[in-house]
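Notes to accompany the following structure.
The values are calculated or read from the model by the stated rules, or taken from the named source; none is laboratory data. On a predicted model such as this, the values are computed, not experimentally measured, just so you know. Cβ placement follows ideal geometry from the backbone for every residue including glycine, while neighbour counts extend to all protein chains displayed.
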Amino acid sequence: MIPESIKQHKPDGCEIRHKNGHYYVYKVKGFYDRTTHKSKSKSLGCVGQIYEGLGFVPNKKDKSASVLKTKEYGATKTIMTAGANLFDTLRKCFPSDFIRIYVLSVLKLLGNLASKDIDTAYAKSAISMLLPEVDLSKNTVSTFLSSLSLERDGMLEFMKSYIDYKKGGLIFDATSFISNSKSNPFCEKGYAPSNKEKQQIRLFYAFDKIDHEPAYFKIVPRNISDKAAFEACIDEIGLKGFTIILDKDFYSDKNIQLMKNNEFIMPLQGNTSLVPNQIKQFSGYNQVITNNFTYHNRMVYFTEIEVQKHNDCKVCIFYDSERRQYLVDSYFKKFMEKDGSLPPEIKKSAADDTASFGVTMLLTNMKSIPKNIYMDYKSRWEIEEMFDTHKHTLSFNMNYETSCPSQEGWAFIEFLALLLYHKLNRMLINSGLIKSVSVKELLYKASTITQCNENGVWKICNMTKPLADVFQSLGVAMESII
């Protein structure tokens, strides 16, 4: 007996078949049987499934469910709870593929796996029971990732809906990844002196200014400058009415013009011609010592000057003495000989080399007071932690896919996994647990909780009282699959 809650989602020209607890939808065609003189229907194959609470989901290929008796459950359910809203948004942007995309994102966060290992991870995870019948064989995943790269419009729809929802500000930054691919045209030698002879890919990200969640990504060849790549990012997103915070490598006259419909903060290079030399040096703070505020329990002095080159813009100059002392000490330690002496050439150039240490110059069109501008800019440094999470905590290195399409498909999956990671981190912050446990530790502990099939009934195993208290604080309901 098929319940009405399932029947109401049946597409026209189809029939529903109930198999092993699942509701499959088959396309049918009516015809007249001349032998029996009766109307009959002919099946044209399975076209999807109907899920309780989700409705009809078209599918491309079905796969038999895993018969494993024990499945990892705790970490999977925790991630899925954090990503409930993400699931709904993916469905709007990728109506046929949202389940596969979502499952790949969850599995990517559970363990940084290559295409060949995804199918096994899916079978071992309870997500194969919560979202069954997802084909994730090695060849299928590789082909799917390549086709996903063609869905840039869907990716942009997802990212834009997220950006529009935030209605605040974005922090742009970029990082490079070494790639060993011989056939990826995006792999080019980069600018960084330490890796300039190595093939690299440049990954651009935009993060929300308030909570630092990832909001946008784009892959560009490493031989394209950041300022040129940023033009493409702005054209693609089409921002208006936002606050945009950038790195110093993004400065160009054209980029300043592109941001005329937004507020922006952009640090300047030390050799900029927009600021007089005497103000660039740290000694300039003596002239503005009465203009100050406190940042992290230390004094920061400031001044501001108008900029003739860019209409309605100013440069705020900040002097941080504690930051300067740290940089000067690091400078001398770098060149100090074993006996504690300095090379003659360093002694000669030290005064000039360190003259601007502790000085930050910010070009902006904002009307805010310098202190607020400085605070907004400093929030950018927390983005470095997100890139560190991307590269080291989650070990996303973008080095395992040789083709450009597959790499872009994986980049979107990793973007979603990073978003899920941040949502978990936010759950820990909101619950007050962040001081005692990290996201990585939470998932590790949660992964010990399994669902075991005993005589056809799935039961939660390995749940301890301390873990139960943690999940209750996070709002994660640990319930049996069936």
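Could you say whether any residue in the range 245-267 is of a type in the set (Gly, Ala, Ser) and exposed (fewer than 11 other Cβ atoms within 10 Å of the Cβ)?
In the first step, residues of the range 245-267 are kept if they are of a type in the set (Gly, Ala, Ser); the result is 252.
Okay, now just the ones that are also exposed (fewer than 11 other Cβ atoms within 10 Å of the Cβ), so none.
For the range 245-267, residues of a type in the set (Gly, Ala, Ser) and exposed (fewer than 11 other Cβ atoms within 10 Å of the Cβ): absent.
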Those residues of the range 104-117 which are buried (at least 21 other Cβ atoms within 10 Å of the Cβ) and out of contact with any strand residue (DSSP E or B) (no Cβ under 9 Å at 6 or more places or on another chain) amount to LEU104, SER105, LYS108, LEU109, SER115
How many residues of the range 292-325 are without any contact (Cβ under 8 Å) to a residue 24 or more places away in the chain, in contact with a strand residue (DSSP E or B) (Cβ under 8 Å, 6 or more places away or on another chain) and farther than 16 Å from LYS367 by Cβ? The answer is 4
Only one of (1) modelled with pLDDT of 80 or more; (2) buried (at least 20 other Cβ atoms within 10 Å of the Cβ); (3) of a type in the set (Gly, Ala, Ser) does not apply to GLY190, and that is (1)
* Would you say GLU401 is over 30 Å from PHE302 (Cα atoms) and at pLDDT below 90? -> yes
**Asked** Any chance the range 303-312 includes a residue that's within 32 Å of the chain's Cα centre (by Cα), over 13 Å from VAL359 (Cα atoms), at pLDDT below 95 and not polar (S, T, N, Q)?
**Response** no
Restricting the range 327-353 to residues that are within 36 Å of the chain's Cα centre (by Cα) and surrounded by 13 or more Cβ atoms within 10 Å (Cβ to Cβ), the one nearest to TYR251 (Cα to Cα) turns out to be LEU327
Scanning the range 41-59 residue by residue, those surrounded by fewer than 12 Cβ atoms within 10 Å (Cβ to Cβ) and either in a strand (DSSP E or B) or in the same structural domain as PRO132 (by TED's automatic domain parsing) (or both) turn out to be LYS42, GLY45
Checking LYS138, LYS160 in turn, the sole residue that is surrounded by fewer than 19 Cβ atoms within 10 Å (Cβ to Cβ), of a type in the set (Lys, Arg) and modelled with pLDDT of 85 or more turns out to be LYS160
Out of (1) surrounded by fewer than 20 Cβ atoms within 10 Å (Cβ to Cβ); (2) more than 17 Å from PHE415 (Cβ to Cβ), the one SER128 does not meet is (1)
Within the range 73-87, of all residues that are touching a Ser or Thr at 6+ places or on another chain (Cβ under 8 Å) and under 14 Å from MET463 (Cα atoms), the one surrounded by the fewest Cβ atoms within 10 Å (Cβ to Cβ) is ALA75
In the range 445-461, anything touching a helix residue (DSSP H, G or I) at 6+ places or on another chain (Cβ under 8 Å) and outside any strand (DSSP E or B) is listed as LYS445, ALA446, SER447, THR448, ILE449
Flagged pairs (Cβ under 9 angstrom, 6 or more apart or on separate chains; first in the range 444-468, at positive phi and without any contact (Cβ under 8 Å) to a residue 40 or more places away in the chain; second surrounded by fewer than 13 Cβ atoms within 10 Å (Cβ to Cβ) and assigned to a loop (DSSP other than H, G, I, E, B)) are GLY456/ILE482
